[in-house]
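Participant: Structure incoming, see below.
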Amino acid sequence: MTSSLINYNRAEVTKGYTDQLLAIDLNNKTISVKVISEEMRRMFVGGRGYCLKLVFDGTKATTKHDSPENVLAISGGPFCGETGFAGAGKFIVGTISPLTNTFCDSNVGGHFFPLVKLSGFDAISVTGKTDQDVLVVIDGDRCEISIADAPETGDSLFGAENIIEKWKGDGEPSSVAFISAGTGAKNTSMGCINSVYYDLRRKRCRAKQAGRGGTGSVMRDKGLWGIVVKCNAKKANSNRPAHPDRVREAGKKLRKVIKDVDPNAMRLGTQGTTCLVDMMNSFHLLPVNNFQYGIDDRVKQVSGLLFEEKIFEQRHPDGCFLGCTLACTKGCEDYILKTGPFAGKTIRLDGPEYETAAAMTNLGIFDIDHILEYAWYCDEYGLDTISAGVLMSFLFEAYEHDLLTVEDTGGLELKWNCGKTVLELLHRMAAGECDFAVQAGRGVRHMKCWIADRASSRTGRTRSDLLGELSLFGMECKGLEFSMYITKESLAQQGGYGFALKGPQHDEAWLIAIDQLKNELPTFKRKAVALQWFPLFRTWFNLVGLCKLPWIDVRHPEAQNTEHPARNLPTVEYYLELVNATFGTQKTLDDLLMESERSYLLHKLINLRQGFGTREHDAIPLRAMAPVFMNEYRSRKKHYEEYLKNQAEVDINGKTDEELLSILQEYRRVQYDRLADEVYDEKGYDRNAVPLDETLNRLGFDKAEYFDIVRSARNQAQKQQR
Ligand code: SF4
């Protein structure tokens, strides 16, 4: 079936699947409905796996983020929309990223994909480009899909209720949801996608974000303003598992753990993820001034408790989809904006999340008003709060080191703890207003080169010398900006970021707590095993359409009595029951891990094919491993002296601080390198981070095209070594 307006037969969800793909080609504005093969389902499960497969098949080695053939892939997974289990509204957006030039994906919650699935689709692929912004409309009630003009307004969130109102017809507002990206997504490379749904209790739209990797920028580059879905079919019990009673029973057990544990532990249900602000600060992990410091006395001005008591409206439970009793999607009502194009307007805000608050502390700002303003504008503009925040903190530090001047920045003095300047730069970036802001919108990696070029002609230093200095504290890996945790004191977390295939994002491996705080990974081997196990199990959540938080942030009381408490295996049992009760199977945890490993391997193959998969692309900046400058070292001098004596077995007597800092830096570099060897062994790669043939065979990758990719990457790596 192919046309720019089509009617289709709605496939009913059966055991979590509809097995249909909605393919939209914007080159000629055609819409097709395709069958998803049994092989694709067996090998790649759904969600991130489907996005990877669609991008792998639809692109080639020369595909860039703005190539017409680039695929914007969107997929839920077999549990997306399962109302009997907590955390089941998640879906994935994946594409060739403008920041990393290879596959990057981001997960997001809300009602959008559960409604898409109810309308009959397990995945959506968007290819091609159009000059005129368009809106795709999926009407699951009438079984009709069309391509319409984009709404007049360029806004993404402001006035979202009007979009719901327009498309709901006679139905409920909760039967409509949409994804969109604002003008900031169009004007930068770090655009996020908003997933907007109507909250019947708060009687307003809520929004969650697929933040990382510039998926929103790809969407807007294609000329796609957004996708609206409307479906009045009943959401409850719509996933049609093989054994509904067993699913409900497993869901009940998970909800009991959430109810018993969370209020006395992290308090996600009342503080959202802002609970992490205080926790990270107390362990020197909260980024301050571009990851220089991990602790600051002003933290009480932005603590989770303050958000709980003064900012978040607590009257309603805040699950981002039905059935999530962890309910961390907190929100703030009636906030009056003070800056930017919407100054003076009253807005309602979802979040902010920990990462957004930490983006501000990383600029030296400990002020709730500035956090709220930054959070709302980033969402409205369609900018990733993490990438935008890290980009700005990098620029502020470059300014501090006189590598940027006020002439470069279009008149802005980039000084720490100045919310006004941060917001002004944000508004300019989103509007694409002046050259500096336009360049900045392309991310840290791009700005390292831009600054080196300009500073070279001004200072007479060589470009490579300047680039070397900027790379010490330009917090990106593979082109993606670091997410908001200080990693200097956790080797395992350095690996968690450095070896992550999409770049340094904590959703792949977050090992700080078990490594640094609990010392549960004392050897290279144990760290390497954790760096294999956790990314795989975390990946599994992204394959199936589930949120990780009820597993990773709510520790089952009995987990403490198991060999690996951090794996939270008693809760994993509930997930296994969900799997087997839905599919009518008898899968084990090892089966789930192998499913993840296949998708993980496909991601690795895309990275290799695009030229970004070998060892040198796993390198992280020195700031991620150790203090770079003397001020950082001296801020924890005692700690580092103890470390050098006890861990590195260095005789520190008679050595200057400068000598000790240099020894520390070298020691940490060697440690990271050793860890890389162990991790590659564990993953079945060679020392250049290229998968071995036996790894491909073990995971069923038997086609010649896969072997060609690894052979060519191996040859390339060997040539470079010669
Ligand atoms: S834990 Fe939070 S993010 Fe996850 S599904 Fe529940 S409300 Fe959404």
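The values are calculated or read from the model by the stated rules, or taken from the named source; none is laboratory data. Since this is a predicted model, take the numbers as computed values, not measurements. No Cβ is skipped: glycine too gets one built from the backbone with ideal geometry, and neighbour counts run over all protein chains shown.
Participant: Being on the phi > 0 side of the Ramachandran plot, out of contact with any helix residue (DSSP H, G or I) (no Cβ under 9 Å at 6 or more places or on another chain) and assigned to a loop (DSSP other than H, G, I, E, B) narrows it down to one residue among 364, 340, 319, 344; which is it?
Facilitator: On inspection, the qualifying residue turns out to be 344.
Participant: Hey, could you check region 623-647 for residues that are surrounded by fewer than 17 Cβ atoms within 10 Å (Cβ to Cβ) and hydrophobic (A, V, I, L, M, F, W, C) and say which is nearest to residue 486 (Cα to Cα)?
Facilitator: 629
Participant: How about region 493-510: which of its residues are assigned to a loop (DSSP other than H, G, I, E, B) and touching a residue at least 24 places away in the same chain (Cβ under 8 Å)?
Facilitator: Passing the criteria: 499, 500, 501, 502, 503, 504, 505, 507, 508, 509, 510.
Participant: Provide a single number: the residues in region 262-298 that are surrounded by 19 or more Cβ atoms within 10 Å (Cβ to Cβ) and either more than 27 Å from residue 569 (Cβ to Cβ) or of a type outside the set (Asp, Glu) (or both).
Facilitator: 23
Participant: Further question: Could you look through region 147-178, keep only residues that are in contact (Cβ under 8 Å) with a residue 24 or more places away in the chain and of a type in the set (Ser, Thr, Tyr), and pick out the one that is farthest from residue 119 (Cα to Cα)?
Facilitator: The residue in question is 156.
Participant: Contact list please: Cβ distance under 8 Å, first residue in region 309-330 and within 13 Å of the ligand (Cβ to nearest atom), second residue among the basic types (Lys, Arg) and not in a loop (DSSP other than H, G, I, E, B), pairs at least six apart or on different chains.
Facilitator: 320/206; 320/208; 325/255; 325/259; 329/206; 329/208
Participant: Between 170, 139, which is of a type in the set (Asp, Glu) and within 24 Å of residue 72 (Cα to Cα)?
Facilitator: That would be 139, the only listed residue that is of a type in the set (Asp, Glu) and within 24 Å of residue 72 (Cα to Cα).
Participant: Given the condition touching a strand residue (DSSP E or B) at 6+ places or on another chain (Cβ under 8 Å) and under 15 Å from residue 428 (Cα atoms), answer yes or no: does some residue in region 344-362 qualify?
Facilitator: no
Participant: Scan (1) within 25 Å of the chain's Cα centre (by Cα); (2) assigned to a strand (DSSP E or B) for the single condition residue 138 breaks and write down its number.
Facilitator: Here residue 138 clears every test but (1).
Participant: Can you find even one residue in region 83-95 that is more than 16 Å from the ligand (Cβ to nearest atom), within 22 Å of residue 218 (Cβ to Cβ) and either surrounded by fewer than 24 Cβ atoms within 10 Å (Cβ to Cβ) or modelled with pLDDT under 95 (or both)?
Facilitator: No, because not a single residue in region 83-95 is more than 16 Å from the ligand (Cβ to nearest atom), within 22 Å of residue 218 (Cβ to Cβ) and either surrounded by fewer than 24 Cβ atoms within 10 Å (Cβ to Cβ) or modelled with pLDDT under 95 (or both).
Participant: Output the residues belonging to region 617-649 that are closer than 13 Å to residue 503 by Cα and of a type in the set (D, E, K, R).
Facilitator: If the condition is that a residue be closer than 13 Å to residue 503 by Cα and of a type in the set (D, E, K, R), then 618 is the only one that fits.
Participant: State yes or no: is residue 32 out of contact with any Gly (no Cβ under 6 Å at 6 or more places or on another chain), assigned to a strand (DSSP E or B) and surrounded by fewer than 17 Cβ atoms within 10 Å (Cβ to Cβ)?
Facilitator: Judged against the criteria, residue 32 is a match.
Participant: Further question on the same structure: Let me confirm something: among 68, 98, which residue is over 24 Å from residue 11 (Cβ atoms), more than 23 Å from the chain's Cα centre (by Cα) and not small (Gly, Ala, Ser)?
Facilitator: Residue meeting the stated conditions: 68.
Participant: Another question, if that's okay. Looking for something within 16 Å of the ligand (Cβ to nearest atom), in a loop (DSSP other than H, G, I, E, B) and not acidic (Asp, Glu) - is there at least one such residue anywhere in region 59-70?
Facilitator: No, that holds for no residue.
Participant: Out of contact with any Leu (no Cβ under 7 Å at 6 or more places or on another chain), farther than 30 Å from residue 642 by Cβ and part of a helix (DSSP H, G or I): does that describe residue 680?
Facilitator: In short, yes.
Participant: I've got another one for you. Would a scan of region 541-555 turn up a residue that is in a loop (DSSP other than H, G, I, E, B), in contact with a strand residue (DSSP E or B) (Cβ under 9 Å, 6 or more places away or on another chain) and either without any contact (Cβ under 8 Å) to a residue 60 or more places away in the chain or surrounded by fewer than 20 Cβ atoms within 10 Å (Cβ to Cβ) (or both)?
Facilitator: Yes: region 541-555 contains one or more residues that are in a loop (DSSP other than H, G, I, E, B), in contact with a strand residue (DSSP E or B) (Cβ under 9 Å, 6 or more places away or on another chain) and either without any contact (Cβ under 8 Å) to a residue 60 or more places away in the chain or surrounded by fewer than 20 Cβ atoms within 10 Å (Cβ to Cβ) (or both).
Participant: While we're here: State the number of residues belonging to region 503-543 that are within 13 Å of the ligand (Cβ to nearest atom) and either hydroxyl-bearing (Ser, Thr, Tyr) or at pLDDT 95 or above (or both).
Facilitator: 2
Participant: Another question, if that's okay. Can you tell me which residue is nearest to the ligand (Cβ to nearest atom) among those in region 556-595 that are aliphatic (A, V, I, L, M) and in contact (Cβ under 8 Å) with a residue 60 or more places away in the chain?
Facilitator: Among residues in region 556-595 that are aliphatic (A, V, I, L, M) and in contact (Cβ under 8 Å) with a residue 60 or more places away in the chain, the one nearest to the ligand (Cβ to nearest atom) is 578.
Participant: Which residues, counting only those in region 295-308, are in contact with an Asp or Glu (Cβ under 8 Å, 6 or more places away or on another chain) and either of a type in the set (A, V, I, L, M) or within 16 Å of the ligand (Cβ to nearest atom) (or both)?
Facilitator: Of everything in region 295-308, those that are in contact with an Asp or Glu (Cβ under 8 Å, 6 or more places away or on another chain) and either of a type in the set (A, V, I, L, M) or within 16 Å of the ligand (Cβ to nearest atom) (or both) turn out to be 299, 302, 304, 305.
Participant: Report whether or not residue 356 is part of a loop (DSSP other than H, G, I, E, B) and within 16 Å of the ligand (Cβ to nearest atom).
Facilitator: So residue 356 fails the test.
Participant: Could you say which residue among 466, 426 is of a type in the set (A, V, I, L, M, F, W, C), within 25 Å of residue 338 (Cα to Cα) and not assigned by TED's automatic domain parsing to the domain that holds residue 215?
Facilitator: Answer to the check: 426.
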